[in-house]
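*Asks:* Structure in structure tokens, see below.
Every number in this text was worked out from the coordinates using simple rules, so none of it is lab data. Small disclaimer: the values here were computed from a predicted structure and weren't measured. Virtual Cβ from ideal backbone geometry, glycine too; neighbours counted across all protein chains shown.
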Amino acid sequence: MFFKLRLRTFWIVLLVLSGLWVADVFGYLFYSVLSPKPDFQDIVHALEARGTPPPQVSAAVQGIITSVGPLQRTMQVGYYSGITAMFQPNASHTTRKTQVAYLAWFQRLPKPTILIINRNLTAGGLQNYDIEEGEVGEVARALGLPLLALAFSIFVVWRRASPLLNDPPPKQSTSPDR
């Protein structure tokens, strides 16, 4: 009985943790979709040949448009924001990194690609951008693993006849009855 209670508690804790993992991953994504950063929108509009990008990234945008054509359509599929700090005896440095990933269709590319825009902002006010191509597998893994963990934990917790939640059967005695 104690083993069953502990095992059931384990699976319920796994359900709660996987739910928090899904909320974390998709919460940031929904937040970034509902309140997009204006500088990232300016870069996307410039890649669509409908606006001007920030000056730090204008050469990269023109190079992308020249090589693969203007951006036809985008769908945001990822968002990351983080701060790193480096402490030294005489100074400290903080860097805020923001990354937005889009599923992007370009004019001269036959298939969609993952477009990743990075922004690094240092404590001194220096801001730089980086535009790169990402892997579809990375985005699928980042979005799929939390959903897979949540689906598995829901399946195990709510399945009544699950062998993972039930007590093991009692051992049969091998002595013959008289």
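*Asks:* Is the range 11-99 rounded, prolate or oblate when judged by the Cα gyration tensor, a ≥ b ≥ c being the square roots of its eigenvalues, rounded requiring a/c under 1.5 and prolate requiring a/b larger than b/c? Don't jump to the answer; show the numbers that get you there.
*Replies:* Numbers: a/c = 3.11, a/b = 1.35, b/c = 2.30.
The shape class here is oblate.
*Asks:* Run the helix sum for the chain: -39,500 (n - 2.57) per DSSP H stretch of 4+ residues, divided by residue count, reported at 222 nm to the nearest 500 deg cm²/dmol. Let's see the in-between values first.
*Replies:* On the way: 4 runs with 77 residues, N = 178.
That comes out to -15000 deg cm²/dmol.
*Asks:* Something else: Work out the FRET efficiency for Ala49 and Val157 from their Cβ-Cβ distance, taking R0 = 41 Å, and round it to the nearest 0.05. Don't jump to the answer; show the numbers that get you there.
*Replies:* Numbers: r = 51 Å, r/R0 = 1.24.
Once the sixth-power term is evaluated, E becomes 0.20.
*Asks:* Separate question: For the range 87-99, take each phi angle, set θ = phi - 60°, evaluate the Karplus expression 6.51 cos²θ - 1.76 cosθ + 1.60, and give the result in whole Hz per residue in order, putting x for glycine and proline.
*Replies:* Computed from phi, the couplings for the range 87-99 are 9, 10, x, 9, 7, 9, 10, 10, 10, 9, 10, 10, 10 Hz.
*Asks:* Moving on to the next point. Equivalent-ellipsoid semi-axes (√(5λ), Cα gyration tensor) for the range 1-59, whole Å, largest first?
*Replies:* Details: eigenvalues 456, 16, 10 Å².
Each semi-axis is √(5λ); the values are 48, 9, 7 Å.
*Asks:* Going by amide H atoms built from the backbone, whose H comes under 5 Å of the H on Gln72, apart from near neighbours?
*Replies:* Result for Gln72 returns Trp105, Phe106, Gln107.
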